[in-house]
Structure formats: structure tokens, C-alpha cells
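Engineer: This is the structure, below, for whatever I ask next.
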Amino acid sequence: MKVLVVGSGGREHTLVWKIVQSPKVEKVYCAPGNGGISAIAECVPVKAMDIDGIVNFSKEKEIDMVVVAPDDPLAAGMVDALEEAGIRAFGPRKAAATIESSKAFAKNLMKKYNIPTASYEVFENSTDAISYLQNQQYPLVVKADGLALGKGVIIAQNFDEAKQAVESIMEDKVFGEAGSKVVIEEFLVGQEVSMLAFTDGKTIKTMVSSQDHKRALDNDQGLNTGGMGTFSK
């Protein structure tokens, strides 16, 4: 098999590292990849969000499977485009990726199916959001609805911080179109654990659980990030 992995980060490096170990795989490409990945696979100069470029490259090289790892191309429908072109792809289609690309969608889904989650409200304009903030208990959490590379979450300690968060997200567009909506959420204290799984729609294979360190600076005093590191045991 010839496999193309889409992406350029540590996640993609891990995927490439494991895929090249398979006796079924004869060639692995990574687009765009990075310096570390280039030691074990062939990196190609196609950006992760270049859907047409990925499809055309896959056709040209007769790729047997494309593994789409980053959130953004999944949300943009890269898997849909590959499958429409007759190319096998690993990753959720655009509709399924909405559970990751929209926090409001994910929260509403949890509410609909009685999955435990922090209480919340969704707002599409800053005026209504700020009005809501005036009568809330603090701290609380203000989240940009869309994908923001793990940085679209602000823990506000008081009304002024929450108001500033809403204004920066919805009016100043610091996270771009990801801030067209905001989710204002109850602040919960406790341990955070991530549990990921692979599924083909019938079978589920879980990975080991891990804990992610999100906030920058000592004693978690900084803003949320895409992840300052993880550990698993």
C-alpha cells in the first residue's frame, strides 16, 4: 500500500512512525510534513488545507489510503472530497467532524442525549452575551464556537474579564470566524482526561487515556493553549 498522511505536527509524526512499521505499507508520504517526519517518510509540499492539491496528488501517485489528521481539513470536508474522487480516506466526513469543529453543536448534542456536561448558553451576538454575563457566578468559561487551535477558551474570573473575552472573540475576531458564536459555560474544577478511539462505525478500539496540560505559565495562571504537554500512565 501507498499511504499519504496529511498534517505537519507531532500527531502526524506519530501516525507516520507507526504506519511505516506495517508490512502492508510500501511507501508513506506526508503533506506537508516536517523535518522529523522527513527522516522516515517522503514529505511533499502540499498544505494540509489544500483539498484539491491533496486529491490531485493522491490521484497522481495512486495513493491507496489518505490519513487526514488535523481538525481543519476534516471540518472543511477533505475526507468527503477524497471519497468522491474514489480514494480511500481515514477520518470523519465533514458532517461528523462538526462535533469537533463546533462547540455549540457538541454541547447541544450532549444535552439532547443526556450526556453529562457543564451547563451552558450559546450566543450569536455580543450584546446578548454580555447581558447574560451580568447575572452569572464566577469564574466561568467563554469559548469561541469554532476551531481555534486549542486557544479559543478563556476562563474569566469576573464580569470584566468575561466581557473582554466576549468582545475580543465576537467583535475583534481574534480567532477569526471561529468566534461568530460563543459558548458561555459553567466552570468545573477537577481532573481532565482525554480518551480517544478509532472506529469504522462498527468496531471501537480505544487508545490509552492521557492528561493534557492546557494552560500556560506556572500554576496554570496563563491562557489556554493547544497543549503544553501530556502524560499517560
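Engineer: Which of the listed residues, 176, 207, 138, is farthest toward the dipole's positive end in the chain, when Lys, Arg count +1 and Asp, Glu count -1 at the beta-carbon?
Structural biologist: 207
Engineer: Okay, next question. Report, in debye and to the nearest 20, how large the dipole of the chain comes out about its Cα centre when Lys and Arg carry +1 and Asp and Glu carry -1 on their Cβ.
Structural biologist: Numbers: 25 positive and 31 negative charges, 178 e Å.
For the chain, the charge dipole is close to 860 debye.
Engineer: For residue 167 and residue 198, what is the calculated FRET efficiency with R₀ set at 25 Å and r taken between the beta-carbons, to the nearest 0.05?
Structural biologist: Computed FRET efficiency for residue 167 and residue 198: 0.05.
Engineer: Placing unit charges on C-beta atoms (Lys and Arg positive, Asp and Glu negative, everything else neutral), compute the dipole magnitude of region 1-58 about its Cα centre in debye, rounded to 20. Walk me through the numbers on the way to the answer.
Structural biologist: Details: 6 positive and 5 negative charges, 41 e Å.
So the magnitude is around 200 debye.
Engineer: With a 10 Å radius around each residue's Cβ, average the other Cβ atoms per peptide and rank 121-131, 200-210, 183-193, highest first.
Structural biologist: Working: 121-131: 15.8, 200-210: 9.1, 183-193: 12.5.
Going from most to least packed, we get 121-131, 183-193, 200-210.
Engineer: Do any trypsin sites (Lys or Arg not before Pro) in region 1-84 lie in a loop, going by DSSP, with at most 12 other beta-carbon atoms within 10 Å of their beta carbon, and if so which?
Structural biologist: Counting only loop positions with at most 12 other Cβ atoms within 10 Å, the trypsin sites (Lys or Arg not before Pro) in region 1-84 are 24.
Engineer: If each residue's Cβ is checked for other Cβ atoms within 10 Å, how do 213, 13 rank with the fewest at the top?
Structural biologist: Going from sparsest to densest Cβ surroundings: 213, 13.
Engineer: So, how do all the Cα-to-Cα distances of the chain break down into 10 Å bins, in percent, from 0 on up?
Structural biologist: Spelled out bin by bin, the chain gives 7, 27, 32, 22, 10, 2, 0 percent.
Engineer: What spacing in nm lies between the two simple spin-label points modelled at residue 1 and residue 186, each 7 Å away from Cα in the Cβ direction?
Structural biologist: Simple spin-label model gives 4.3 nm for this pair.
Engineer: I'd like the distance between the alpha-carbon centres of region 3-60 and region 68-106, rounded to an integer number of Å.
Structural biologist: 17 Å
Engineer: Here's another thing I want to ask about it. State log₁₀ I(q)/I(0) for region 102-186 at q = 0.17, 0.19 Å⁻¹ as given by the Debye formula over alpha-carbon point scatterers of equal weight, solvent excluded.
Structural biologist: The Debye formula, applied to the Cα set alone, gives -0.61, -0.76.
Engineer: Measuring from the lowest to the highest alpha carbon on each principal axis, how far does region 12-52 reach, largest first, in angstroms?
Structural biologist: For region 12-52, the Cα extents along the three principal axes come out at 29, 21, 14 Å.
Engineer: While we're looking at this one, here's another question. Stretched out fully, how many nm does the piece from residue 213 to residue 111 gain, at 0.36 nm a residue minus the Cα gap?
Structural biologist: Extending this stretch completely gives an extra 34.1 nm.
Engineer: Can you give the FRET efficiency for residue 38 and residue 131, using 1/(1 + (r/R0)^6), R0 = 35 Å, r = Cβ-Cβ distance, to the nearest 0.05? Please list the in-between numbers first.
Structural biologist: Details: r = 52 Å, r/R0 = 1.49.
Step by step, r from the Cβ atoms, then E = 0.10.
Engineer: Would you mind giving the three semi-axes, in whole Å and largest first, of the ellipsoid equivalent to region 2-99 according to its Cα gyration tensor?
Structural biologist: Whole-Å semi-axes of the equivalent ellipsoid: 20, 14, 12.
Engineer: Further question: Under the 0.36 nm per residue contour assumption, what length would be gained going from the current alpha-carbon distance of residue 21 and residue 56 to full extension? It would help to have the intermediate numbers written out before the result.
Structural biologist: Numbers: separation 35, 0.36 × 35 = 12.60 nm, distance 2.61 nm.
That pair, residue 21 and residue 56, stretches by 10.0 nm at full extension.
FYI, it's all coordinate maths here, none of it is from the lab. Everything numeric here is computed off the predicted structure, so don't read it as measured data. Note: ideal-geometry Cβ built from the backbone for every residue, glycine included; neighbour counts use all protein chains shown.
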